[in-house]
Every structure is written in structure tokens, then in C-alpha cells.
Amino acid sequence: MKALRIALAAITIFLVRDLVAQSDLRVLVLDSATAEPLFGVSAVIDGTTIGASSDFDGRLTIAGVPDGAQVLRVLSMGYTEQRIPFVAPYTSGQLTVRLRATAVELEEAMVSVTRTNSRIEDTPQKIEVLGSEDLMEEGSLKPGNVASLIGDISSVQIQQTSASTGASVVRMQGLDGRHTLLLRDGMPAFGGLSGGFDLLRIPPLDLQRVELMKGPASTFNGGGAIAGSINFVSKEPTDSLQALLLLNRSTLAETNVNGFVSGPMGSAGYTVFAGATLQDARDVDGDGYSDLPQARTYSVHPQVFAKPWKNAKLRAGLVWQNDDRTGGDVHALDAPEDTSRYFLRTQGERIAADLALTNNLSTKAQLVVKGAWSRYTQNDRDNFVKERRTQANLYSEAYWTHRTARRTWVAGANILSNELTGSVISSQELTTLGAFGQLALHRKRWPEIDLGLRTDAPAGYDVQVLPSIAALFKVNDRFLLRTNIGTGYQLPDRSRNYGLVYEGVIAQELAPGTKPERSVGGTVEWTWKRPIGEHTFLFIDQTFFGTLISDPLTIGSAADGTTQLTNAKGNTLTRGVDNYIRIKHGHSEVYLGYTFTLPEFVANGTHQDIPYTPQHRAATTLSREFGEHWRAGIEAAWSGQQTRSDGTSTRDQLFLAGMVGYQRGAFTVVLNGENLSDTRQTRWEPIVSRSSSRPLFAPLWAPIDGRAINLSVMFRI
């Protein structure tokens, strides 16, 4: 009888197990900022004890998951917990989870802008990284471009330079926009002729992360990085098919449609981004001139990732962008042949290709070869004249790295050329050969000391030698010190805009004897971080910065009235201090920031403020997650007075913003309000004067588009 009872019990257990259907769930866990696999991550089916931990490849398998609607909880120290709804059995193959590091743990991300592939926490340069979660959130708030996100970073200012076309530049540490080098996957891809529109064409959804190096960066990236560099890093594919569709509409008549798809393709992988931004012209202040241009922007960016041999990775990409903007007298926008009313139409098209090959020579050595080609054509037309300009750029680079526990060596060379042609201006060709080397020393208290040297040989100019030194000192686990001193230069380039006035101002010729501007600058930073209790974290950062530019380039007039690019007789001197505090408590986060900048032009012992640069800027944000589905945030920013060209001062500005988001399963809905205080320059002074056919536009020191509310819907597959 006893044997019979045991047999009956076994049969009962077997039948019950079959009645409750079960399946296995395969999961891949990645870091959201670096896409690196995470080891030791715990994953548990909510409400049960069923779970597993990830291996060194970031993979785990949870066996015996009951069929039906489930929630997967994914937890790891230093990362925000994820709760992912799914239905078992999971029929889409492998479930990929991207964990977002907490505010301070984001410093663990590996950055590529210095070529040493160091963690941010161990990098002596002043670098900030915006991870994929920041970019995904910004994609919901401002899907069309990254300008708003970049402008939220301390000591970074986005300044509009054209009321008719919306052209804008990014300014770092009080310096002009041309002193910040914009990179795509570590290669110069923007600037020059297209510089005023580049940020307006980069959608957040197409990016994995953004690396901002503040301070001198020419030793790493060549001329043009006097204030720093911004590296836009493209997304890479995952092991399973992923797709995302985003739709957005704002009260200022802007519509965005963006899509992104990535996944495996045999032994290779691919990503494809396609997007469109449609903006109708808007006269916000009612003066008869557009404050927002009529704009049509389209972008396609496919990439292929492959492993041509065992220890190598190959990435190849194509880019096509088309941008058409028309602004001016609102009555002339539909009648472009009417010469009595002013309009400005700018049509830009970019075709580009890039290639990067990474070959691991050994466990310690690596060889990287990459190159990029682009051709940008811009057609400008107003009610009197037409002009066509084309700029072709070519960049190639090869470098070798060797890393040990004590030191990292980097040695390489590059070539950069760009050719400018036009129907009105004379042609220009700039070619630069460069060689660079870095030595990073790794110690316990000194995690990294970087010694760098670059030698550039620009055709037609003197050889430029650019040394730099940077060091990081860890006082203890909570207190860090960083310092960075470097040199830089920028060639006279008539494809760039000099100053803040965009419309109609371009250097037609190069004045005799004009030479590259040279710079020396640096940063000193201290960081203090401390956990307070179990759920609260405090992070404080203060950075002192300064840059001196000798023989700064400017636009002047020749005797015959033509505009010339020449050197100013004086020096540009900027210095300041950047402060911010971040407090994270549970699901809430508070940010407080203040930047003081003193930009001056020094000549013959006199100091003159550089126009339209605020000395004081402050910002604060508060964000919170409410349960599994809701999140909300508010933001306030204040910008102090700016000095005009005539010595008078503008008024200060206050901005308010807020958002609320809801996510359930594959859907995310966000309602966002920008500039809720309706702060506009046109509320205090007119920006257009003179005749209707040849109006004069005042320099812009505040927004002119005013309040905007947008609703976005995102769907993930």
C-alpha cells in the first residue's frame, strides 16, 4: 500500500505540473550606455522565487516560467531596477534588457573620444556622457534634434543665429560656436558650411550615447576643438530584432515621424534610422515675419556591422539628409517671385559614408582604421539673389593602442581635407596631415595621467605642435581631483560663420598674412560623492575653466568693400566656474546647477566683454517615477543679462518646463511643455527693422519661438 501511495503521489505531481504549463525564458542583459554585457545581474519573475543570474556574456535562462502575463524584475547594484511585462511563453526569441546606470554609476561607461577606451571615472579630462536612456527620453520630448538636450548641460549654450532659418550654434565655456568640434563616431563629420544647421539634423533616436569633452581637445581630435568636442556615437545592433516608432506633434505646428530598426543578419547585424520633421512657418509675435521657418527635414542612416575575421569588427554606414527651410515675410513665403518682400530659403543636402575596422592584434594590442567622406550642398536664395555652395570633406585615420595594467600607448596618423566651391565666393581647399601620440599611465591613487602630443602640417601654414597633459587623483573613494592643460588651433576657414550674425555675412576673401588662431586652456575639477543611508546619493562637482586665444579670427572689410577673414589685434580670454549638485533619493532626483562665465576681448591693456554671452546661468530639475508606469519632471532655468555690441545690457530670462510620461508594455506616451513662461526676445524689443525688401535683423540673445507643448507616442517591438 505504501508503494501504491508513493506512485499515486508521483502521478498527481506529474499531472499538476502538466496542467500548469511552463516554459523557459532566455534573457540578454546589457549596459544602456555602452551596450556591454553585464555579469551577475539578478532576474526574477515577479511574485515568485523563479529566477537566475547572468553569466559573463550577460545571458541567463529562467526555467519553469508559468504561461500567461508575467513581469520580469531585473536588478543589479549601481543600476536602476527594471520591471518588464511579457507574456509566457515568450515567442520572440531572446528578451534583451538594457539597464540604466544610476546618476553616478554612469561614470563607469567607457568613452571612445580619448582613444584610450578608459572609464569616465578614470579619465582625467572633463567628460560628460549622455547615455541611451537620456537620449530615449529626449526623443520623446524633442524628437527632431538634440539641440535642446545638449543645451541643458552645464557650461553649454545653444544660441540661435538666424531668425529666418532657425540656424543655431553650440557654444561651450563662453567661446564661439566654431571652437567646438562636432564628431560622429569619433570622426569630424559636421561644421564648416553646414555648421549652423548640424544640431538641427541629429535626431536622438539614432544615437547610443553622446560624449562631451569640455576644455582643450585639439591634441586628441585636431584643429577646431579649442573649447572642446562633442562625439555623437551611433547605435549598434542587438542579438534580436528591435524596432521603434515615434510620432510627435507640437502646438507650434511641428510634426515628427522617426523609426529605428536593428537586429541580426546572419553572422552580421544592421541598424536603420529613418525620420522626417515637418515644421510650418509661425509668426509668434505678429510682426509679419516668421519666428519659426517652414522646414522639411528628412534623414536616412543605415549601418552594417560584421566580423570579417575572428578578432575584427567592421562597421559601414551611409547617411542621406535633406533640409529645406524658408523664412522671412510671411506674405512672401507663398510668393517667392515677389522682390518687394524679404524671404530667405536655404536648401541643404548631405550625402556621407563612413567605415571603421577594429582588429584585436592580441589581448593587449589593437589596431583601428577608419575613414569618412561627405558632400554637403547648400542653396541659398532670397528675394534678390541666388547662391550655391558645396563642401566636400574627406577624413581618414589609423592608430594603434597597447594597454597593460600600468600604461596605455596610442600612436597614429590622420589626413583631413575639405574643399569649398561656390557660385559667388572664391574656392577654398584645406588639407592637413597629422600625427599623434598618447601615453596614459595607470596608478592606484593616480588612475590615469595622460601625456599627449599632436603635430599637424596644414598645407600653406606653419606646422602646429599641440602638447597636452591631464591627470586624475583619487583622494579617497569619495573625493576626486582632475586637471587638464592643452593647446589648440584653428585654420582660417571661410566656410564657417564668425560671430553671432548669420544672415548674409560670409568672408569672401582671405586677408593677406592671415594665420591660424592659437589657444592654450585648461580645467581644474573636484568631485565629491557620498551615499546617505540606503536610498539617497549626493554628488557635487565644481570645475574651473579658462582659455586664451591669440590672433583670434574675425571678419573685416577690405578697401573695396568685400568682406575678409583676418586676425583681430588682441586676444580672446574666457574663464569661469561650473557648479552642480545632484541628489538622488529612491525614485526621485534633483539637480541644481550654476555657471559663471567671464568672456572678454583683450587689446592694448583694455578688456571688453564679448557680446551676447551671459555671465550667469542657473538651472534646476526635479524628476520622479511614480510606480511602474508614471514619471514626471519639472525644470526651471535662469539666464542673466548679456552685453550688447553697443555696451548696453539685455534683460535676464526665466524659463519653465514640465513633462509627464506614461509607459505600459510597448507603449510610451509623453506630454511635454517647453518654455511655459513664454520667454521671448520679441516680448521686450523688436528684432526686425528697415525696409520690407531688405530688413535688418537684430542679434538674437533669447528665444523667439515662445511656449510649446507637444505630445509624443512611442511604440517598441
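Tabulated data for the structure shown
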item	result
Residue ranges of strands (runs of 3 or more DSSP E) in segment 380-479 with at least 3 members closer than 30 Å to Ser164 by Cβ and not aliphatic (A, V, I, L, M)	386-403, 407-422
Scope segment 456-475; condition over 15 Å from Leu416 (Cβ atoms) and either in contact (Cβ under 8 Å) with a residue 60 or more places away in the chain or under 29 Å from the mean Cα position of the chain (by Cα) (or both); matching residues	Val465, Pro467, Ser468, Ile469, Ala470, Ala471, Leu472, Phe473, Lys474
Members of segment 308-337 that are closer than 22 Å to Gln378 by Cα, open to solvent by 50 Å² or more (accessible area, probe 1.4 Å) and in contact (Cβ under 8 Å) with a residue 24 or more places away in the chain	Leu318, Trp320, Pro336
Matching entry among Arg651, Arg617 (being assigned to a loop (DSSP other than H, G, I, E, B), basic (Lys, Arg) and more than 30 Å from Glu81 (Cβ to Cβ))	Arg651
Counted residues, segment 375-384 - those being more than 19 Å from Asp324 (Cβ to Cβ) and in contact with a strand residue (DSSP E or B) (Cβ under 7 Å, 6 or more places away or on another chain)	0
Counted residues, segment 41-65 - those being part of a strand (DSSP E or B), open to solvent by 30 Å² or more (accessible area, probe 1.4 Å) and either over 24 Å from Lys584 (Cβ atoms) or among the hydrophobic types (A, V, I, L, M, F, W, C) (or both)	6
Out of Thr523, Thr566, Thr547, sole residue that is assigned to a strand (DSSP E or B), closer than 30 Å to Arg694 by Cβ and not hydrophobic (A, V, I, L, M, F, W, C)	Thr566
Failed criterion for Glu236 (all others in (1) part of a strand (DSSP E or B); (2) open to solvent by 10 Å² or more (accessible area, probe 1.4 Å) hold)	(1)
Residue in segment 143-157 that is in contact with a Phe, Trp or Tyr (Cβ under 9 Å, 6 or more places away or on another chain), polar (S, T, N, Q), in contact (Cβ under 8 Å) with a residue 60 or more places away in the chain and surrounded by fewer than 23 Cβ atoms within 10 Å (Cβ to Cβ) present	yes
Lone qualifier among Gly196, Gly259, Gly224 - being assigned to a strand (DSSP E or B) and either free of Cβ contacts under 8 Å to residues at least 60 places away in the same chain or more than 27 Å from Asp31 (Cβ to Cβ) (or both)	Gly259
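Okay, residues lined up against (1) in contact with a Cys (Cβ under 8 Å, 6 or more places away or on another chain); (2) more than 30 Å from Gly633 (Cα to Cα); (3) buried (at least 18 other Cβ atoms within 10 Å of the Cβ):
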| site | (1), (2), (3) |
| --- | --- |
| Asp493 | no, yes, yes |
| Pro512 | no, yes, no |
| Val524 | no, yes, no |
| Gly533 | no, no, no |
| Phe539 | no, no, yes |
| Gly561 | no, yes, no |
| Leu565 | no, yes, yes |
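The values are calculated or read from the model by the stated rules, or taken from the named source; none is laboratory data. In this text the structure is predicted, and so the values were computed from the model without any measurement. Glycine also receives a Cβ, built like all others from the backbone with ideal geometry; neighbour counts cover every protein chain displayed. Accessible surface areas use protein heavy atoms only, side chains included; no ligands, DNA or RNA. Shrake-Rupley method; radii C 1.70, N 1.55, O 1.52, S 1.80 Å.
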